[in-house]
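Chemist: Would you mind keeping the following structure in view while I ask a few things?
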Amino acid sequence: MAENNEKGQRAHTIVIAVENKSGVLARIAGLFSARGYNIDSLCVSETEDPSISKMTLTVKGDERILEQIYKQLNKLIDVIKVFDLTEGDFIDRELALVKVKTLNAAARQDIMQIASIFRAKVVDISRQSLTLEVAGKTSKVNAMIEMLKSYGIKEMIKTGKIAMAREFNQKK
Amino acid sequence: MTGAEIIVEALKKEGVDIIFGYPGGVLLPLCDKLYDSGIKVILVRHEQGAAHAADGYARSSGRVGVCMATSGPGATNLVTGIATAYMDSTPLVAITGQVATHLIGSDAFQEVDITGITRPITKHNYLIKDVKDITRTVKEAFYIAKSGRPGPVLIDLPVDVQRAECKFEYPDEIEIRSYKPTYEGHPLQIERAWKAIKEAKRPLLLVGGGVISSGASEQLRNFVEKTGIPVVFTLMGLGSISGDHPLALGMLGMHGTRYANYAVVESDLLIAVGCRFDDRITGKIETFAPNAKIIHIDIDPSSISKNIVVDIPIVGDAKNILSKLVENAEKLQIEAWIKKIMDWKEKHPLTYEKNGLKPQYIIEQLSGMLPDDAIICTEVGQNQMWTAQYYKFRKPRTLITSGGLGTMGFGFPAAIGAQIANPDKIVIDIAGDGSIQMNIQELATAVYNKLPVKIIILNNRCLGMVRQWQQLFYKKRYAFICLKDAEPDFVKLADAYDAIGYRVDSTEEFDKIIPRVLKEREKPVLVDCWICEEENVFPMVPAGASLDQMLEGLA
């Protein structure tokens, strides 16, 4: 569906507060697949209230699709509230672990320098590789990954985005 | 009390006195407690029949229908019935047995993940793992099923939970923090709607099943009579006000009347109440009601601007909002519009060639002779469309039909449910010779329970609606539609079940037999009407065409 951004489609960051019960994730995922919406990333965890979980989703679509997603999510009995953060001011973070090849000492130096520019941490090291942990906005995480590609990425994993509205300057 | 006893008591608290069901291994503790509970259990002959019967019971009475089945195949046999109820927003509670909690996930005998399977076709569902959760779950299930936009709720009940012990405490009230349906329409939106109505030159009401499930018929009639706005109906909306009303234009859409479809195309303001703009009513979306502003009243926010973008949405209960609109209602100056519609009505009535025994004739005759409160169930296909076109539904809840899912085999078990809910009314299933064979086994249920359900088979010896599409769009290549070569003798079949069977081939025979059929009060009666094989449903808007591109009379 959402292959490109040319037809009024844009990425939205949605946070869903749900009952922390078994089967809720399946309900949300099932809704997206049944109605043909694509999820770009999804992150779930418990909140300060153990009976509530929060899911951060990034989805692409035009206004109408987003409106439907919002309404269909709200229709699920276990969904407590849906927030589309995209319209307001919000903080979002993602964490990535990247294992990069280090063929020689020079490469290792370079990579450590890149890590320090992106304020990434070295979390593991071997003769042939360095593993970096980087957190930040998706664009920053992606920029670092892009920089590391030429050295050869052995393995990479990302958490997907988590997001929260800012306390001040909220448009709502 | 055991879990099974708790369920029984909880059902009684919810006012349940009838369950349609079928027993089985892991349902035994519950069956045992139901046995002498005072709740009547109607034993069907296939679980699908139980779900449809509970659905027919619910639609005809406005109460929550209840069905039950055992785990595994019992539960999966309910699925079509649950999906049917979901698509047509029927309040239903389905109870399924499940294997013991410690066996769940082990592919045990007759184990199936029924909450997983029914997730997209229920309004909500539950797997109860602790006996302490039963009462709250039952309370929630009934509340969710009947409130807001109604729908089916499934409760999966493992056998060990049915046996476990716990004290019975039933909550008087429940509060679900994540579920708060909107009943009151927004006053500003109602004001905007009213302003648009007053300005309209060619206003038209489009009425769906939401008006019937919210019980808003009286409010709708008042609104129509005060303002003089004409009305078109979706299949599910038929009967919300009388089809005899001078401003009622019948059904719109694929098999709608010409005048209903013309009115939609020319209207400058469409006031849609309790409908969801299904593709069978809109035809080609881009050219639907091209000249109209659209007001959409619906209790489900997700129905609004899903298929058709609307100008003035009002989320809330149809009854509530229509009564608000009636308060300010005044006669509109739309004589020219009404005259135009009446001219269409006169020029393009529903017609058919009157030679031989025609299905349209059968429906017209029934419509003329049955009392206003007779309940008409249908199967799906040509029989359903002829009924929608030619029967004048005069009261809400008198048409019971699978509109959204289009389930063949729905009508007969639904008629059984409707007859049980309305023992003093005449209940008829208008069937095809294809559809009736999908749940024919329920004749046994009807006979055993002395239900005088009348089955009128419009028998054309083929799957008529499919045949019609093949004739019109597939170069008359009639693939897999012929039933002629192995058509059962339906009269003998009725006889075999100890029901009453007749066969008629002519209008004279039909006219002669029908009074006797309607008088029967003890046994189901089946009337096998051999109609013209090639009869088609017209008018017809081909799939994907605009509403004013109707085919006519190619029979």
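Rule-based calculations on the coordinates, nothing more; no lab input. Only a predicted model underlies this, so the values are computations on that prediction, with no experimental measurement involved. For neighbour counting, all protein chains shown are included, and Cβ atoms are generated from backbone atoms with ideal geometry for every residue, glycine included.
Chemist: Could you check the simple spin-label distance between A:Glu87 and A:Arg166, using points 7 Å along Cα→Cβ, in nm with one decimal?
Modeler: It works out to 1.8 nm between the two label points.
Chemist: Another one. So if we plug the beta-carbon distance of A:Ile153 and B:Trp469 into 1/(1 + (r/R0)^6) with R0 = 60 Å, what FRET efficiency do we get, rounded to 0.05?
Modeler: Plugging the Cβ-Cβ distance into 1/(1 + (r/R0)^6) gives 0.65.
Chemist: Within the set of other residues whose C-beta is less than 10 Å from the C-beta of B:Gln470, count the net charge using Lys and Arg as +1 and Asp and Glu as -1.
Modeler: +4
Chemist: Quick check: from the Cα gyration tensor, does the range B:187-347 come out rounded (a/c under 1.5), prolate or oblate?
Modeler: rounded
Chemist: Another question about this same structure. Tell me, what ³J(HN,Hα) does each residue in the range A:124-135 have, in order and in whole Hz, if you take phi through Karplus 6.51 cos²θ - 1.76 cosθ + 1.60 with θ = phi - 60° and put x for Gly and Pro?
Modeler: Values, residue by residue: 7, 9, 8, 4, 9, 8, 10, 10, 10, 10, 10, 10 Hz.
Chemist: Dividing the Cα convex hull volume of the range A:91-163 by residue count, how many Å³ per residue is that?
Modeler: In the range A:91-163, the Cα hull volume divided by residue count equals 69 Å³.
Chemist: Can you tally the net charge around B:Ala329? Count Lys and Arg as +1, Asp and Glu as -1, for every other residue whose Cβ sits under 11 Å from the Cβ of B:Ala329.
Modeler: Summing Lys/Arg as +1 and Asp/Glu as -1 gives +1.
Chemist: Something else now. Across peptide A:18-29, what mean number of C-beta atoms from other chains lies inside 10 Å of a residue's C-beta?
Modeler: The shielding value for this peptide is 2.
Chemist: What are the ³J(HN,Hα) values, in whole Hz, obtained from phi via the Karplus relation 6.51 cos²θ - 1.76 cosθ + 1.60 with θ = phi - 60°, for each residue of the range B:453-464 in sequence order, with x given for Gly and Pro?
Modeler: Per residue, the Karplus-derived 3J(HN,Hα) values read 5, 9, 10, 9, 8, 8, 8, 10, 6, 7, 7, x Hz.
Chemist: How far is it, in nm, from the label point at B:Glu286 to the one at A:Arg10 when both lie 7 Å from their Cα along the line to the Cβ?
Modeler: Label-label distance for B:Glu286 and A:Arg10, simple model: 2.7 nm.
Chemist: Please report the Cα spread of the range A:20-161 along all three principal axes, rounded to whole Å, starting with the longest.
Modeler: That gives 57, 33, 29 Å along the principal axes, largest extent first.
Chemist: In deg cm²/dmol, rounded to 500, what helix-only [θ] at 222 nm does chain B give when every DSSP H run of at least 4 residues adds -39500 (n - 2.57) and the total is split over its residues?
Modeler: Mean residue ellipticity, 222 nm, calculated: -10500 deg cm²/dmol.
Chemist: Rounded to the nearest 20 Debye, what is the dipole magnitude of chain B about its Cα centre when Lys and Arg each give +1 and Asp and Glu each give -1 at the C-beta?
Modeler: 1080
Chemist: Another question, then. Using a simple charge model, +1 on the beta-carbon of Lys and Arg, -1 on the beta-carbon of Asp and Glu, nothing else, what dipole does the protein assembly as shown show about its Cα centre, in debye to the nearest 20?
Modeler: With only Lys, Arg, Asp and Glu charged at Cβ, the dipole is about 1700 debye.
Chemist: Right, something else. Counting other C-beta atoms within 10 Å, which of A:Ile153, B:Ile500, B:Ile428 has the fewest, and how do the rest follow?
Modeler: By the 10 Å Cβ count, ascending, the order reads A:Ile153, B:Ile500, B:Ile428.
Chemist: Any lysines with Cα under 16 Å of the B:Lys345 Cα? List them, leaving off those in the same chain fewer than 8 positions away.
Modeler: Result set, ordered by chain and number: B:Lys392.
Chemist: Efficiency by 1/(1 + (r/R0)^6): what FRET value for A:Val123 and A:Asp40, r their Cβ-Cβ distance, R0 = 30 Å, to the nearest 0.05?
Modeler: 0.70
Chemist: Between B:Arg461 and residues 5 or more places away or on another chain, which pairs have amide H atoms under 5 Å apart, with H built 1.01 Å from N, and which residues are they?
Modeler: Those lying under 5 Å, H to H, from B:Arg461 are B:Asp433.
Chemist: Now for a separate question. Of A:Leu85, A:Leu148, A:Leu103, which has the largest mean-square fluctuation in a 10 Å C-alpha GNM of chain A?
Modeler: In the Gaussian network model the winner is A:Leu103.
Chemist: Of all DSSP beta bridges in chain B, what percent run antiparallel (nearest 5)?
Modeler: Restricted to chain B, the bridges split so that about 5 percent are antiparallel.
Chemist: Can you pull the one-decimal nm distance between simple spin-label points at B:His186 and B:Asp548, each 7 Å off the Cα toward Cβ?
Modeler: Inter-label distance under the simple model: 3.3 nm.
Chemist: Kindly work out what percent of the DSSP beta bridges joining two residues of the range B:359-530 are antiparallel, to the nearest 5.
Modeler: In the range B:359-530, approximately 5 percent of DSSP beta bridges are antiparallel ones.
Chemist: Treating only the Cα positions of the range B:3-163 as identical point scatterers, give the base-10 log of I(q)/I(0) from the Debye formula at each q in 0.14 Å⁻¹.
Modeler: Treating every Cα as an identical point scatterer, log10 I(q)/I(0) equals -0.58.
Chemist: Stretched out fully, how many nm does the piece from B:Glu346 to B:Lys195 gain, at 0.36 nm a residue minus the Cα gap?
Modeler: Contour length minus Cα-Cα distance gives 51.2 nm.
Chemist: I would also like to ask the following. Once amide H atoms are placed 1.01 Å from N in the peptide plane, what residues at a sequence separation of 5 or more from B:Lys40, or on another chain, have their amide H within under 5 Å of its amide H?
Modeler: Sorted by chain and number, the residues that satisfy this are B:Ile18, B:Ile19.
Chemist: Could you list, in their original order, any pairs among B:Lys293/B:Lys324; B:Lys132/B:Lys180; A:Lys75/B:Lys195; B:Lys201/B:Lys395 whose Cα atoms are separated by more than 27 Å?
Modeler: Correct reply: A:Lys75/B:Lys195; B:Lys201/B:Lys395.
Chemist: Under the rule of -39500 (n - 2.57) per DSSP H run of 4 or more residues, summed and divided by the residues of chain A, what mean residue ellipticity at 222 nm is obtained, to the nearest 500 deg cm²/dmol?
Modeler: For chain A, the value works out to -8500 deg cm²/dmol.
Chemist: Here is a further query. Going by amide H atoms built from the backbone, whose H comes under 5 Å of the H on B:Ile455, apart from near neighbours?
Modeler: The list, which skips near neighbours in sequence, is B:Asp429, B:Val525, B:Leu526, B:Val527.
Chemist: Which whole number gives the average count of other chain Cβ atoms within 10 Å of the Cβ atoms across peptide A:65-77?
Modeler: Mean shielding count: 4.
Chemist: Which percent, nearest 5, of DSSP beta bridges in the range B:187-347 are antiparallel?
Modeler: So the antiparallel bridges in the range B:187-347 amount to around 0 percent.
Chemist: Another question about this same structure. Report the local net charge at A:Ala115: Lys and Arg +1, Asp and Glu -1, summed over other residues whose C-beta lies under 13 Å from its C-beta.
Modeler: Taking every Cβ under 13 Å from that of A:Ala115, the sum is +2.
Chemist: If Rh is defined by the Kirkwood formula over all Cα pairs and Rg also comes from Cα, what ratio Rg/Rh do you get for the range A:25-91?
Modeler: 0.94
Chemist: Express the Stokes-Einstein translational diffusion coefficient of the range B:388-505 in µm² s⁻¹, to the nearest whole number, given a Kirkwood radius over alpha-carbon pairs, 20 °C and a viscosity of 1.002 mPa s.
Modeler: Using the Kirkwood radius from Cα pairs, D works out to 137 µm²/s.
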